Amino acid sequence: MSKLVIEGGVPLCGVVEIQGAKNSILPIIAATLLADDECEISNFPDIGDTHIALEILKALGANSTIHTNSIIVNAAGAYGTEIPDDLMRKMRSSLMFLGAILSKNRRARVSLPGGCDIGTRPVDLHIGALKEMGVVFSEAHGYMECEAKNISPADIVLTYPSVGATENIMLAAAKANGVTTIKNAAKEPEIVDLQNFINAMGGKIRGAGGSEIIITGVKNLHGVKYSVIPDRIVLSTYMCAVAATRGNAVFKNVNTSHVSSVLAALSKAGCKIYDLKDTVALECDRLNAINSLMSMPYPGFPTDAGSPFVAMMAGAAGTTLFVETIFENRFRYVGELLRMGAKIKTEGRAAVIEGQKKLYGAPVEACDLRGGAALVVAALAAEGITSVSHAEFIERGYEHIESVLTELGARIKYEKDV
Ligand code: UD1
């Protein structure tokens with residue numbers, strides 16, 4: 001267990017270099033299983049989830065070395081078919097390995113994935129699509145056994161544009177014998193990144209970023225050097241933190257076209273944004289409520305940025321309505337914000353945030369990754385000391401958060417419990 005102890009009330013000012021995207025690197029690490037030789041991936045975020053992904057690769061027989069800001073993976077000889085239960089439970093995106101393992105071995109054994117407890121998070125779309133590609137599923141002793149004579153190309157229509165299911169299908173189909181199409185595919189930038197990575201290895205995928213993706217299977221994929229896109233959720237979180245403390249900062253290594261909806265919401269709330277495409281600056285003197293905001297699949301407002309945004313609005317002038325449309329159990333951090341003097345009412349998927357002049361420090365507990373980040377945003381703005389326990393949830397997605405915030409002038413300490 002670890003803890004972040006924050007003395008709030010300091011306007012955050014300075015320059016932040018944004019890390020590589022967690023939600024890109026995870027499926028890309030899974031994709032290295034498809035390569036015949038070594039891959040070098042830069043802009044590698046050194047976070048909890050990437051370490052779990054590398055442990056999974058190791059369990060499957062791959063070698064990887066972490067360098068500063070990059071990794072080298074050789075998964076050519078990784079013919080393992082089983083993901084250990086403890087790793088599967090630690091991270092939901094471990095399910096992403098299923099498509100790649102099946103592509104390589106025609107069989108796999110996995111338990112149901114864990115990850116952040118932000119709703120029921122079923123896996124029916126993943127399983128349904130893989131069944132259409134010829135995979136047969138059976139359950140025994142808490143494990144899913146998956147087998148296929150061949151991974152067959154298929155025309156898959158997703159009933160919801162699931163990010164993970166879209167990625168799993170791309171991974172399963174990249175080396176299938178024929179053309180697979182995904183209709184109603186997720187359009188997130190991380191899907192485009194996965195397409196670009198597989199194509200750089202010699203794959204033939206087009207359409208990512210739109211609602212139809214066409215994957216023409218190829219016989220072999222080779223190793224590559226590749227750099228993952230910047231993390232748009234980490235950028236959104238730090239922008240909310242700077243705005244919440246009425247600070248000003250410059251964010252480097254970003255792609256602002258990936259955060260248009262977030263920048264629009266921040267400007268509506270009174271922030272001044274200077275958009276230079278790969279760098280963005282934010283200045284905030286006062287924050288005002290906005291009528292309403294709703295999370296939506298990309299290019300809508302990202303569900304993952306919802307929690308830090310709500311925490312920021314807890315200190316804005318006026319009342320904001322935030323509606324979470326993607327996961328049904330995202331508001332668990334709100335109870336902790338109430339301990340800090342926030343006035344927020346939740347009803348199902350809606351949160352009504354009555355902005356307060358001052359929040360105050362309190363002992364609070366992170367219960368998921370983005371909810372934990374929301375508590376940090378609130379703590380930075382609050383008067384007095386907040387200790388955010390279970391910071392290990394936050395470490396799953398934010399690289400050295402205490403150093404980044406210290407650089408911006410925050411008074412923050414990281415404590416590891418023994
Ligand atoms: C990914 C992101 C996560 C982000 C989410 C939505 C990664 C590692 N994680 O998660 O940070 O919050 O996209 O942008 O990239 N669903 C089903 N059946 C399925 C799959 C999903 O009903 O088989 C539902 C989910 O319960 C949820 C919605 O679809 O309500 C969105 O889930 P999905 O897009 O699959 O999210 P993840 O890939 O899990």
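The values are calculated or read from the model by the stated rules, or taken from the named source; none is laboratory data. Since we're looking at a predicted model, the values are computed, not measured. Because the Cβ atoms are built from the backbone with ideal geometry, glycine has one as well, and the counts that use them run over all protein chains shown. Just the protein is used for accessible areas: all its heavy atoms, side chains included, with ligands, DNA and RNA removed. Shrake-Rupley method; radii C 1.70, N 1.55, O 1.52, S 1.80 Å.
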Residues within segment 160-198 that are more than 22 Å from the chain's Cα centre (by Cα), open to solvent by 40 Å² or more (accessible area, probe 1.4 Å) and of a type in the set (S, T, N, Q), tallied: 1
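Where in segment 300-418 are there strands (runs of 3 or more DSSP E), lying wholly inside it, with at least 2 residues that are open to solvent by 10 Å² or more (accessible area, probe 1.4 Å) and under 25 Å from GLU17 (Cα atoms)? Give the derivation first.
Values: elements: 319-323, 343-347, 350-354, 363-365, 385-389, 411-416.
Qualifying strands (runs of 3 or more DSSP E): 411-416.
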Across segment 51-68, what is the total count of residues that are surrounded by fewer than 24 Cβ atoms within 10 Å (Cβ to Cβ) and within 18 Å of the chain's Cα centre (by Cα)? 3
Out of (1) under 24 Å from ARG396 (Cα atoms); (2) assigned to a loop (DSSP other than H, G, I, E, B); (3) among the acidic types (Asp, Glu), the one ASP193 does not meet is (2)
Output the number of the condition that THR159 fails; it satisfies all remaining conditions of (1) within 18 Å of GLY48 (Cα to Cα); (2) within 13 Å of the ligand (Cβ to nearest atom); (3) polar (S, T, N, Q). (1)
When residues of segment 141-156 are limited to those that are part of a loop (DSSP other than H, G, I, E, B) and in contact (Cβ under 8 Å) with a residue 12 or more places away in the chain, the one nearest to the ligand (Cβ to nearest atom): ALA154
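Being away from the ligand (no atom under 14 Å from the Cβ) and in contact with a helix residue (DSSP H, G or I) (Cβ under 7 Å, 6 or more places away or on another chain) is the filter here, so list the residues in segment 36-53 that pass it. Quick ask: steps written out before the conclusion?
Going through segment 36-53, the residues away from the ligand (no atom under 14 Å from the Cβ) turn out to be 36-44, 46, 51.
Of everything in segment 36-53, those that are away from the ligand (no atom under 14 Å from the Cβ) and in contact with a helix residue (DSSP H, G or I) (Cβ under 7 Å, 6 or more places away or on another chain) turn out to be CYS39, ILE41, PHE44.
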Checking TYR298, TYR333 in turn, the sole residue that is touching a His at 6+ places or on another chain (Cβ under 9 Å), at pLDDT 95 or above and hydroxyl-bearing (Ser, Thr, Tyr) turns out to be TYR298
In segment 1-29, residues that are assigned to a loop (DSSP other than H, G, I, E, B) and of a type in the set (Gly, Ala, Ser) total 3
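Restricting attention to segment 15-35, report how many residues are open to solvent by 30 Å² or more (accessible area, probe 1.4 Å) and either in contact with a Gly (Cβ under 7 Å, 6 or more places away or on another chain) or within 16 Å of the ligand (Cβ to nearest atom) (or both).
Just the residues of segment 15-35 that are open to solvent by 30 Å² or more (accessible area, probe 1.4 Å), to begin with: 15, 17, 23.
Narrowing the set further to residues that are either in contact with a Gly (Cβ under 7 Å, 6 or more places away or on another chain) or within 16 Å of the ligand (Cβ to nearest atom) (or both) leaves 23.
Result for segment 15-35: 1.
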Filter segment 360-405 for residues that are without any contact (Cβ under 8 Å) to a residue 60 or more places away in the chain and either touching a Cys at 6+ places or on another chain (Cβ under 7 Å) or not β-branched (Val, Ile, Thr) (or both) and give the result. TYR360, ALA362, PRO363, GLU365, ALA366, GLY372, SER403
If ILE229 meets every condition in (1) farther than 26 Å from LYS277 by Cα; (2) within 16 Å of the ligand (Cβ to nearest atom); (3) surrounded by fewer than 24 Cβ atoms within 10 Å (Cβ to Cβ) apart from one, which number is that one? (1)
Condition check: over 27 Å from GLU395 (Cβ atoms) and crowded, with 20+ Cβ neighbours inside 10 Å. Does ALA269 satisfy that? yes
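Test GLY203 against the stated conditions and say whether it is touching a residue at least 24 places away in the same chain (Cβ under 8 Å) and surrounded by fewer than 18 Cβ atoms within 10 Å (Cβ to Cβ). Outline the logic, then answer.
On the way: touching a residue at least 24 places away in the same chain (Cβ under 8 Å): yes; surrounded by fewer than 18 Cβ atoms within 10 Å (Cβ to Cβ): no.
No; evaluated as a whole, the condition is false for this residue.
Matching residues to (1) surrounded by fewer than 22 Cβ atoms within 10 Å (Cβ to Cβ); (2) within 14 Å of the ligand (Cβ to nearest atom); (3) modelled with pLDDT of 90 or more:
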{"position": "ALA100", "(1), (2), (3)": "no, no, yes"}
{"position": "ARG109", "(1), (2), (3)": "yes, no, yes"}
{"position": "LEU112", "(1), (2), (3)": "yes, yes, no"}
{"position": "CYS116", "(1), (2), (3)": "no, yes, no"}
{"position": "HIS126", "(1), (2), (3)": "no, yes, yes"}
{"position": "LYS131", "(1), (2), (3)": "yes, yes, yes"}
{"position": "GLY134", "(1), (2), (3)": "yes, no, yes"}
{"position": "GLU139", "(1), (2), (3)": "yes, no, no"}
Out of (1) part of a helix (DSSP H, G or I); (2) under 21 Å from GLY372 (Cα atoms), the odd one out for HIS258 is which? (2)
Can you name every residue in segment 162-187 that is under 12 Å from GLY217 (Cα atoms) and within 16 Å of the ligand (Cβ to nearest atom)? ILE169, MET170, LEU171, ALA172
Among all residue pairs at least 6 apart or on different chains, which show Cβ distances below 6 Å where the first residue, located in segment 85-104, is of a type in the set (D, E, K, R) and the second is assigned to a helix (DSSP H, G or I) and more than 10 Å from the ligand (Cβ to nearest atom)? LYS90/ILE52; LYS104/LEU33
Filter segment 95-109 for residues that are assigned to a helix (DSSP H, G or I) and among the hydrophobic types (A, V, I, L, M, F, W, C); the one that is nearest to LEU221 (Cα to Cα) is ALA100
Among the residues of segment 54-80 satisfying the criterion of being more than 16 Å from the ligand (Cβ to nearest atom) and of a type in the set (Val, Ile, Thr), which is modelled with the lowest pLDDT? THR68
